[in-house]
């Protein structure tokens, strides 16, 4: 079975998470600079089979799209054009950054490491992916 890959897309950095081959467990993979995201995905897909991309869907509390959705839309087009055989799904990402930070606190992570925004992005992608998996 192919994996599912989740993206916590950001203007500067994108957190990436991946499932195991049975699509049961979401794990953080890495964080890459957004400008390098497509080349990273090309390289990754040469090594691993991915059947679905799950991209975070930023929403306001009133359920309307957040301002960052404007940045994501052109990326979604590029993603679909570059990888036409891979399905793209969206997953509500409200509160993932706060939940990621809280999980870092709960795990006893040192303050210096908690300040690394790349780690927060990777954990956020993992939370997005796990929420997506929990839908089924």
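A few notes on this one:
- Inter-centroid distance (Cα atoms) of segment 58-79 relative to segment 1-45, Å: 18 Å
- For segment 1-52, alpha-carbon Rg over 2.2 N^0.38 Å: 1.10
- Segment 35-80: C-alpha gyration tensor shape, a/c 1.5 cut-off, then a/b vs b/c: prolate
- Choice from 79, 22, 41 with maximal GNM fluctuation in the chain (Cα, 10 Å cutoff): 22
- Top of 110, 77, 59 by mean-square fluctuation, Gaussian network on the chain, Cα under 10 Å: 110
- For the pair residue 46 and residue 94, a Förster radius of 35 Å applied to the C-beta separation gives a FRET efficiency near 0.55, rounded to the nearest 0.05.
- Histogram of C-alpha separations across the chain, 5 Å bin width, %: 2, 11, 20, 25, 21, 14, 6, 2, 0
Where a number appears in this text, it was derived from the coordinates with a stated rule and is not lab data. Values in this document were obtained by computation on a predicted structure and should not be read as measured data. Because the Cβ atoms are built from the backbone with ideal geometry, glycine has one as well, and the counts that use them run over all protein chains shown.
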